[in-house]
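A.B. asks: Before anything else, here's the structure in question.
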Amino acid sequence: MRHVQGRAGECHIVARAIEQDKVRELQRTLYRAAKADPGRRFHALYDKVHRRDVLERAWELVRANHGAAGIDRQTIADVQEYGVDRLLDELTADLKEGRWRPFPARRVFIPKPGRDELRPLSIPAVRDRIVQAAAKIVIEPIFEADFLPCSFGFRPKRGQHDALQVLINEAWGGRRWVLESDVANCFEAIPHSGLMSAIEERIVDRQVLKLLRAMLRAGVMEDQAVMRSDVGTPQGGVISPCLCNVYLHRLDRQWAERGHGELVRFADDMVVMCRSRQEAERALRALRAILGELGLTLKDAKTRIVELREGGEGLDFLGFHHRWVRGNTPASKHLTFLARWPSRQAMTRARDRIRELTDRRRLREPVEDVVQDLNGFLRGWAGYFRYGNSTDAFDKITFHAFARLAGFIAKRHKRRTRYGWGVLTHSPDRMGLIDLSGIIVAPRPYRPWRKGR
């Protein structure tokens, strides 16, 4: 019986891999078609959105994200109990027959890291997230073929470190005046009419356009009332980052014609690298003008011009603090360069998370479980920040984790803190707590960061 079950499981894994290959091939085909003909408008896409393999891939993406329940209170676990195949069958039928209608998203407010502000988050129902993911699978490759190199956020095979490498290259090449800013309430402010116009530049399938309009008009439920607007692609929706990029692609195109300096955009967060203050000021005027034409504005509190110079101030971008420094070794003291390390906010968030993981409310749990959770966080945090000049920051976070774990052990045994320090110090592997030293990869200009791995 076990042998039969094992073979059945292997067959299921192979079948799923084949289905995923078909989805990837569909995406490659759409991308190549869009890339080959920049003027092509796609008119036969809807049947691909409700393809069973596409919906299955969409479910896998939604499940892997571990999101919360929407207003219907149905969780990922509830869907699995209900039957994934059963739900996907229902979604397929609803989409084919034009019956699918999204629920309003559940609106919650979460604190912005390191600030007193609250960020609105809209949580669609699980079933609606699956449909959004399926639509994204189909339309994203078409627009990806058009996106410009200055855009890095929420794009396949592009990420934060690719954007950060541009800062290193441009600063080394002489662009040391930086305009930093972001779009005020970007996800909530994008006008539906402008967004749909941008989508229709590439997609003319009426059913797909109707589907996307339904997603935009679903509204949000807050304080037991449903609110709908003609602006915004709610932050928290699976498809929202893709739609944000589609709309802000208009900014990128205009910048290529009217902008000044080198634009680096990660979704709504951006910097412009310039050679002089005058160029940076022209860039700011151009940026305000272009965004105004799109119905968007800059966030004044985060808009400023910074000169990268030795002894000067730096800037925060994508979790790092960036500053122009001089080498501190005999071999490098004649060099100045753009260094980066975890920002103050990033360090505060890391300490807060370590504090949560070692909170006294966990005293009844085994120390091994706490260490495992600490290691999981530290690996993820260090995996991002290791690509920088982060040695001092890593030493501080390593020490903080060690100290918090020592205090946790002492409290668990109702002893003084030095008892916990003694236990960890005399343990041959520090009770399994990982050490972050020796894993730093310093960035270099004009050298792809991935090659540093």
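The values are calculated or read from the model by the stated rules, or taken from the named source; none is laboratory data. Bear in mind that the values here come from a model prediction, so they are computed numbers and not experimental data. Please note: Cβ atoms are built from the backbone with ideal geometry, for glycine as well, and neighbour counts cover all protein chains shown. In case anyone asks, the SASA skips ligands and DNA or RNA and just uses the protein heavy atoms, side chains included. Shrake-Rupley method; radii C 1.70, N 1.55, O 1.52, S 1.80 Å.
A.B. asks: Treat each spin label as a single point 7 Å out from the Cα along the C-beta direction, and report the Asp89 to Thr348 distance in nm.
C.D. replies: Label-label distance for Asp89 and Thr348, simple model: 5.3 nm.
A.B. asks: What number comes out for accessible area per residue over the stretch 44-86 if the probe is 1.4 Å? Units Å², please.
C.D. replies: Numbers: 2270 Å² over 43 residues.
Counting only protein heavy atoms, the per-residue value for the stretch 44-86 is 53 Å².
A.B. asks: With runs of 4+ DSSP H residues as the only contributors, calculate the mean residue ellipticity of the chain at 222 nm using -39,500 (n - 2.57) per run, divided by the residue total and rounded to the nearest 500.
C.D. replies: Using -39500 (n - 2.57) per qualifying helix, the result is -16500 deg cm²/dmol.
A.B. asks: Same structure again: Using a probe of 1.4 angstrom, how much of the accessible area of the stretch 169-305 is carbon and sulfur, in percent? Mind dumping the intermediate values first?
C.D. replies: Working: 2580 of 5740 Å².
Carbon plus sulfur share of accessible area: 45 percent.
A.B. asks: Would you kindly calculate the translational diffusion coefficient of the stretch 288-357, applying Stokes-Einstein with the Kirkwood radius from alpha carbon pairs, for 25 °C and a viscosity of 0.890 mPa s, and quote it in µm² s⁻¹ without decimals?
C.D. replies: In µm²/s, the coefficient rounds to 164.
A.B. asks: Name the shape class, rounded, prolate or oblate, that the alpha-carbon gyration tensor gives for the stretch 223-366, where a ≥ b ≥ c are the square roots of its eigenvalues, rounded holds for a/c under 1.5, and otherwise prolate holds if a/b is larger than b/c and oblate otherwise.
C.D. replies: Verdict is oblate for the stretch 223-366.
A.B. asks: To the nearest 0.05, how large is the calculated FRET efficiency for Glu281 and Arg24 if R₀ is 56 Å and r is the Cβ-Cβ distance?
C.D. replies: It comes out at approximately 0.75.
A.B. asks: Could you work out the Kirkwood radius for the chain, taking every pair of different alpha carbons, averaging 1/r and inverting it, reported in Å?
C.D. replies: After inverting the pairwise mean of 1/r, the radius is 24.9 Å.
A.B. asks: May I ask you to derive the FRET efficiency for Arg63 and Ser332 from their Cβ-Cβ distance with R0 = 56 Å, giving the value to the nearest 0.05?
C.D. replies: E between Arg63 and Ser332, to the nearest 0.05, is 0.70.
A.B. asks: Counting only protein heavy atoms and a 1.4 Å probe, tell me what percentage of the stretch 57-121's accessible area is made up of carbon and sulfur.
C.D. replies: 49
A.B. asks: Also, quick follow-up: Arrange the peptides 157-164, 335-342 so that the one whose residues have, on average, the most other Cβ atoms within 10 Å appears first.
C.D. replies: Output ranking for 157-164, 335-342: 335-342, 157-164.
A.B. asks: Highest mean first, how do 212-225, 71-84, 378-391, 264-277 rank when packing is the count of other Cβ atoms within 10 Å averaged over residues? Let's see the in-between values first.
C.D. replies: Details: 212-225: 16.2, 71-84: 14.0, 378-391: 18.5, 264-277: 21.7.
Put in order of decreasing packing, that is 264-277, 378-391, 212-225, 71-84.
A.B. asks: With a Förster radius of 35 Å, plug the Cβ-Cβ distance of Arg355 and Asp78 into 1/(1 + (r/R0)^6) and report the FRET value to the nearest 0.05.
C.D. replies: Taking R0 as 35 Å, the efficiency between Arg355 and Asp78 is 0.60.
A.B. asks: Taking the Cα centre of the chain as the origin, how large is its charge dipole in debye, to the nearest 20, when only Lys and Arg (+1) and Asp and Glu (-1) carry charge on their Cβ atoms? Before the final figure, lay out the partial values.
C.D. replies: On the way: 81 positive and 58 negative charges, 262 e Å.
That gives a dipole near 1260 debye.
A.B. asks: Here is a further query. Ignoring ligands, DNA and RNA, what accessible area per residue does the stretch 306-453 give at 1.4 Å, in Å²?
C.D. replies: The answer is 58 Å² per residue.
A.B. asks: Keeping every protein chain present and rolling a 1.4 Å probe, give me the accessible area per residue for the stretch 150-236 in Å².
C.D. replies: Normalised by residue count, the accessible surface of the stretch 150-236 is 43 Å².
A.B. asks: Could you tell me which of rounded, prolate or oblate describes the stretch 285-404, using a ≥ b ≥ c as the square roots of the eigenvalues of the alpha-carbon gyration tensor, with rounded for a/c under 1.5 and, failing that, prolate when a/b is larger than b/c and oblate otherwise? Let's see the in-between values first.
C.D. replies: Numbers: a/c = 3.41, a/b = 1.47, b/c = 2.32.
Taking the square roots of the gyration eigenvalues as a ≥ b ≥ c, the stretch 285-404 is oblate.
A.B. asks: Please report, for the Cα atoms of the stretch 43-112, the Rg to one decimal and the Dmax as a whole number; what are they, in angstrom?
C.D. replies: Cα only, the stretch 43-112: 13.8, 42 Å (Rg, Dmax).
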